[in-house]
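Asker: Before I ask anything, let me first share the structure, which is written out below as structure tokens.
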Amino acid sequence: LPEDFNQEVVIVSDRAEIDRQAGVVIYQGDVLLTQGTLRIESDRLTVVSTEGRMEKATAEGQPARYQQQINPGSPLTHAHAQRIDYLAANQEAILIGNAVLRQDSNEITGERIRYDMNTEVISAGQPADAGEKPARIKVIFQPKTAEPATAPAPAVTVPDAPVPAETQP
Amino acid sequence: ENLSTPPLSWYERDQLSAAEQQALPEFCRGAYRIPAITPLPGDLSEAEADQSTSDKDGNFELQGNVVLQQQDRIVRSQTARWFQSLNTGEFSGQVGVTTPELVLQGEQASLDQTAGRLHINQAEYSLPGRHIRGSADEIQSTNTGLMDMRNATFTFCEPGHNDWDIAATELHLDQNEGIGTAKHTRLRIARVPVLYLPYYRFPIGDQRMTGFLNPSVAITSKLQAEDIQIPFYWNIAPNYDATITPHYVREHGTVLESQFRHKTRWFGDGEFNYAYLEKDKTTEEKRWLVNYQQEGRFGSNWQHRWVYNNVSDDDYLNDMTPTSYVDRTTQLPRRGEILWNRNNWHFDITGETFQTIDPNIGLAARPYGRLPQLNLSYMPLTINQWQFQQRLQATRFSRKSNDIINDTEQTLSGFAALNGDRLLSDTSLAYPMEWPFGFVKPEIEYRYRSYNLRDADEALLARPDAPDLHASFGVPRYSLDAGLYFDRDLDLFGSDYQQTLEPRVFWVNSPYQENQHQIPNFDSAAITVTYASLFTGERFTGDDRLADLDQVSAGVTSRFIRGDGLEQFRASVGQIFYQTDRQVQLNGTTVPPADTRNTSSMLAEVEWTPDTHWSVYSILEWDPYDNYTKQSRYGLRFQHDNRMLNLASNTTKQFNASKDETEVLSDQIDIGAFWSLNDRWALIARALYDNRPYEESPKQPRSRILESLAGVEYQNCCWRVQFTYRESSLQENNPESEFTTRKRYGFLFSVQLKGLGNFGAGTDKLISESVTGYSRRQYHDY
Amino acid sequence: CGWQLRGVTPLPPEYRVLHLQSQASNSFNQQLRLQLEFNDVVLADEAADAQAVLTVGALEIERRTLSINSSGQIGEYELNGRLEARLQRNDRDGFVLIELRGRRYLSNDVSNVVGTANSEQQQRADLERDMVRQLLRRLQRLNYDSEMQTDDTSATPGATPIDSPDANGAGA
């Protein structure tokens, strides 16, 4: 949800190493990060924080998993990839390596997927620069069900009941 | 992953599989292949691209070699935008759409998945299953098989070859009905317009659109147009259409032929043809033809059929069809039938008269009309149990007793003028027994006839042998048909055969009913003598003559059956042994010598079929009394793919007692061949040669070649040209001429645009009547 | 010399239960059913519960001028009969194509058109009876596996050619 960003960040893992001056904490082994509706599971999580606020989290796993509900109206977004860069600052998640993102009945796979949570724009793949064969992306979708058939203007959504907050570990 | 199909799904010869190459004729450079697409279930869509961005409303934008598949349709383009909420998409940049039925290539396309409509412009298209391609400024296609195009072309020729095509401002292809309709159509040969038609309808499917008149031209040897027909089609309503065809015939003028066709729920399908020529160039008279046909069913048991013909004069059919085969029809039917069928029951009411268009048939030889005839019959077939069959019929026969024929009035009198009503009842009881080794069929039949003759003039009534106007009589008929099957296995030329020996005996007895000669012959005729006719126990067909019978027919058939059941050789020989003379005759009472003999002529039939392509047969009728063959027929038939040959000789003779020598009645040799030399060239030849000796006997035909046809055919992948020379002999109507027939020479040049049906004088019908087994496949017919 | 009365030659047990799909005339079908049942074939109504399906095409009889008499009129007609049937066993993916031919001739009496029509009707019925017998013999002695074919060999890529049946003209 939009207010996820100022929710409390809870991270659970087997081990953790703290590098204080770099402001970097590295969690390893069954790492679970939750912040509001955001959940990131991974084998290894590198969190960079400034002034006590999480700025960037890099999750790696076989695969690392991401789940969040961006706004009350829309359904959960699921994704997984070998590496997930979660940039809290500009509210963006970048999935790299066998990345798959699922939203409603749509599914996007590719080598690199960028998910901008502000505009809810998902962009995948890179332009085919000459010579090197681009990694192909794949999209699977179905016709939207009872959505009001309007031009691509933002859809009006009715807020759902808030999701119960996770308890502090 | 579906491998990308080449443009228009056209594969060059070397890209084809060995089997496909082998099936492809050498004049085609390649073939369309129906795209093999594994369809996606439901309304799922799957896309691949180099890049994609999508917003929260599910609107996608894909870039770089986009491939989007929905069900069995794949769309390829450089960029694609898909609006999920509207379920529509836009594609641009080398757009390619591929479905099993249709392949499109264009610059820009839009697709509405819910409505199933695709719109593309500046496009090339192909229908691989129909070997059709073309281009259009704009194409709108629905997934129900409909295509609407603007400024479009359509051709059957291979990509890269535009020998002919059809250009039209509007072109509509309906793949379900297999119909193409075009407006402002130009037929172009090598891009040069040769014919303009405001509205043109043509078949695009395999199914043959009967009644599809394509424009046709026939040219005489002096390069004059002998016959030009340009049909104008008018699609009045889904179940009504009309075709108006100005038909120019060189010797007679331009006949306006019109055809109206309709489909109705209750009255079925009907067709009305009317042709009219104000003033004939040669005869200076009005000429016209009326033809009406209707057929339909209502309910599961009732059916009705109607046909009516009327022509202005006897020569109309031959004069107005110079290009087709000589029409030897002598009687044009006018018939209405209402029929009811259910299991073994049958009922019908029939009304039938004829227009006789052969002036040589005198009034006395013209057929009686059946106005009306009612039939009711119960005809079950059984084995090893009682089989009762009953037939009832009531008929009113009548015909004109005076008429103008060849401007001379003819009138009938006396016996020939008689008309009458006939009631008949045939009741038969049989017990057909069958076993694997043989069969026995005893049968008792009682045939009752009752007549009520009318229009007898006084002279006839005053004669001592005046006919009984209310004759009625019943005649029983007893018959026993029995046969045995003997087999033995045989090893011939190294393969195992089964030889059969099938003796058969047929005894029939029916007492003589006198005075049948006083009854007009309404619908009876003498049986054609064949081996099979020996075992019918009849001498006449029809119902006006109940033959007196006291005879035993005996025959034997032997077959050599190959391992797979193919009857490779069959020989039969048989004869009838009479106990008494045969009194009942078709006309009169004098019993010809042949009917006093105590055996019939010997009938023998032999047929040898070495394999499914060859067959040789011979039929002989040997008269043991005068020692000559009354009938001798020999024939050879060969048919394999596009090669057909048949040779036949038919000779019939009779014995002239006064001259004590045999006379040849007819002796004709018929040779017909359609021989494809290779995929491109084929030869057509046919000759019907009259081999009868005509020393001083009746007038002879003008030439011994009664019918002949010589032609050559060249074809390539998308058109076919036939060039035929034809001679045929027509009946000579003027009595002073020393010959019985006059000759007609014809020279036909016909172009057939493959996929479009015949665009030339109908040589196909001409050839199929000349060469047995030839039936032109309208398609590229490799 | 080896002759013996024909014993029972029933159809091979693999297609003793047949489903008949026929476009031939009623009289043809009636005789065919009678003969099949006489050779203890069970006719199943549904293809599903039959061992094999026998598909019979329409008996096409083409009438052609055999000879022309000296005054240019038709002397004799020839009737060429052609019938195609297909036997498809449920437990095989191929089928067996059976092609039968028959020929009859009849004299044409120009001055007795109704009589000629009656004798043509009789010859057509006789040709039909002969075709039923021929079909039976082929079914009895058929060697399914050796004669089986899978695809319609006459199909060419792109389109399957169709014979062009001609609607007969208006004349009798």
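The values are calculated or read from the model by the stated rules, or taken from the named source; none is laboratory data. This one's a predicted model, so the numbers in the text were calculated from it and none came from an experiment. Quick reminder, even Gly has a Cβ in these numbers, built from the backbone with ideal geometry, and neighbours come from all protein chains shown. Ligands, DNA and RNA are excluded from the accessible area calculation, which covers all protein heavy atoms including side chains. Shrake-Rupley method; radii C 1.70, N 1.55, O 1.52, S 1.80 Å.
Asker: Mind pulling the angle between the C-alpha long axis of helix C:26-38 and the longest principal axis of chain C? Nearest 10 degrees, somewhere in 0 to 90.
Answerer: Relative to chain C, helix C:26-38 is tipped by roughly 40 degrees.
Asker: Same structure, new question: If I stretch the segment between residue C:133 and residue C:29 completely, what's the gain in nm (0.36 nm per residue apart, minus their alpha carbon distance), one decimal?
Answerer: 36.2 nm
Asker: Tell me the Kirkwood hydrodynamic radius of the stretch B:521-572 in angstroms, computed as one over the mean inverse distance between distinct C-alpha pairs.
Answerer: Across the stretch B:521-572, the inverse of the average 1/r is 13.6 Å.
Asker: What percent of all Cα-Cα pairs in the stretch B:429-581 falls into each 5 Å bin, going from 0 up to the bin containing the maximum distance?
Answerer: Spelled out per bin, shortest first, that is 2, 8, 13, 15, 14, 12, 9, 8, 6, 5, 3, 2, 2, 1, 0, 0.
Asker: Continuing with this model, one more query. Going from the alpha-carbon gyration tensor of the stretch B:3-120, what semi-axes, largest first and in whole Å, does one get by taking the root of 5 times each eigenvalue?
Answerer: 32, 14, 12
Asker: Quick one: in the protein assembly as shown, what % of C-alpha pairs are over 43 Å apart?
Answerer: 55 percent
Asker: For the residue pair residue B:43 and residue C:146, what label-to-label distance in nm results when each label sits 7 Å from Cα along the Cα-to-beta-carbon direction?
Answerer: 5.8 nm
Asker: Take every residue in peptide C:25-35, count the Cβ atoms of other chains within 10 Å of its Cβ, and give the average of those counts.
Answerer: 2
Asker: Report the label-to-label distance for residue A:74 and residue C:1 in nanometres (one decimal), using points 7 Å from each Cα along the Cα→Cβ vector.
Answerer: 9.7 nm
Asker: Provide, as a two-decimal number, the C-alpha radius of gyration of chain C over 2.2 N^0.38 Å, N being how many residues it has.
Answerer: Here the Cα radius of gyration is 1.25 times the empirical estimate.
Asker: Arrange the residues B:633, B:742 by how much accessible surface each exposes, largest first, with a 1.4 angstrom probe.
Answerer: From most exposed to least exposed: B:742, B:633.
Asker: Once you compute Rg and the Kirkwood Rh from C-alpha atoms, what is the Rg to Rh ratio for the stretch B:378-518?
Answerer: Computed over Cα atoms, the ratio is 1.23.
Asker: With a Förster radius of 25 Å, plug the Cβ-Cβ distance of residue B:452 and residue B:596 into 1/(1 + (r/R0)^6) and report the FRET value to the nearest 0.05.
Answerer: 0.15
Asker: Shifting gears a bit: Treating only the Cβ of Lys, Arg, Asp and Glu as charged (+1, +1, -1, -1), what charge dipole size does chain C show about its Cα centre? Round to the nearest 20 debye.
Answerer: It works out to roughly 580 debye.
Asker: Over all residues in C:102-112, what is the mean tally of Cβ atoms on other chains that come within 10 Å of each residue's Cβ?
Answerer: Going residue by residue through C:102-112 and averaging, the value is 6.
Asker: Given 10 Å bins starting at zero, what is the percent of C-alpha pairs of the stretch B:60-171 in each, up to the one with the largest pair distance?
Answerer: The distribution over the stretch B:60-171 is 15, 47, 29, 8, 1, given as percents.
Asker: Roughly what would the spin-label model give for residue B:677 and residue B:437, points 7 Å off Cα along C-beta, in nm?
Answerer: Each label point is offset 7 Å from its Cα along the Cβ direction, giving 6.1 nm.
Asker: Please work out the FRET efficiency for the pair residue B:286 and residue B:493, using the Cβ-Cβ distance as r and a Förster radius of 51 Å; give the result to the nearest 0.05.
Answerer: Computed FRET efficiency for residue B:286 and residue B:493 comes out at 0.15.
Asker: Of all the Cα-Cα pairs you can form in the stretch B:424-497, what percent are over 19 Å apart?
Answerer: Considering the stretch B:424-497, 66 percent of its Cα-Cα pairs are separated by more than 19 Å.
Asker: Would you mind calculating the gained length between residue B:313 and residue B:79 on full extension (0.36 nm times residue separation, minus the Cα-Cα distance), in nm to one decimal?
Answerer: Contour length minus the Cα-Cα distance gives 77.1 nm.
Asker: Give me the percent of the accessible area of chain B that comes from carbon and sulfur atoms, probe 1.4 Å, all protein chains in place.
Answerer: 55 percent
Asker: Right, another one. Working with all protein chains in place, sort B:347, B:638, B:493 by solvent-accessible area computed with a 1.4 Å probe, largest first.
Answerer: Putting B:347, B:638, B:493 in descending order of accessible area: B:493, B:347, B:638.
Asker: Still on this structure, I have one more. Scan around residue C:103 for amide H atoms under 5 Å from its own, H built in the peptide plane at 1.01 Å from N, and keep only partners 5 or more places away or cross-chain.
Answerer: Hits under the 5 Å cutoff: C:81.
Asker: Between chains B and C, what is the buried accessible area in Å², counting both sides, with a 1.4 Å probe and ligands, DNA and RNA left out, to the nearest 100?
Answerer: 6800 Å²
Asker: What does the average come to when, for each residue of peptide B:563-574, you count the partner chain Cβ atoms lying within 10 Å of its Cβ?
Answerer: 3
Asker: Return the calculated 222 nm mean residue ellipticity for chain B, to the nearest 500 deg cm²/dmol, obtained by summing -39500 (n - 2.57) across DSSP H runs with n ≥ 4 and dividing by the residue count.
Answerer: After summing the helix terms and dividing by residue count, I get -500 deg cm²/dmol.
Asker: Tell me, what is the FRET efficiency for residue C:42 and residue B:427 to the nearest 0.05, using R0 = 30 angstrom and their Cβ-Cβ distance as r?
Answerer: So, using R0 = 30 Å, E works out to roughly 0.35.
Asker: Specify the angular offset, from 0 to 90 degrees and rounded to the nearest 10, of the alpha carbon long axis of helix C:113-141 from the longest principal axis of the alpha carbons in chain C.
Answerer: With both axes taken from Cα atoms, the answer is about 20 degrees.
Asker: Counting only heavy atoms of the protein chains, get the accessible area per residue of the protein assembly as shown (1.4 Å probe) and round it to a whole Å² value.
Answerer: Here the per-residue accessible area is 46 Å².
Asker: Between the stretch B:353-386 and the stretch B:638-687, what's the alpha-carbon centroid distance in Å?
Answerer: 32 Å
Asker: Cross-link list B:281/B:743; A:138/B:56; B:263/B:754; B:630/B:659; B:183/B:754: which exceed 24 angstrom alpha carbon to alpha carbon?
Answerer: B:263/B:754
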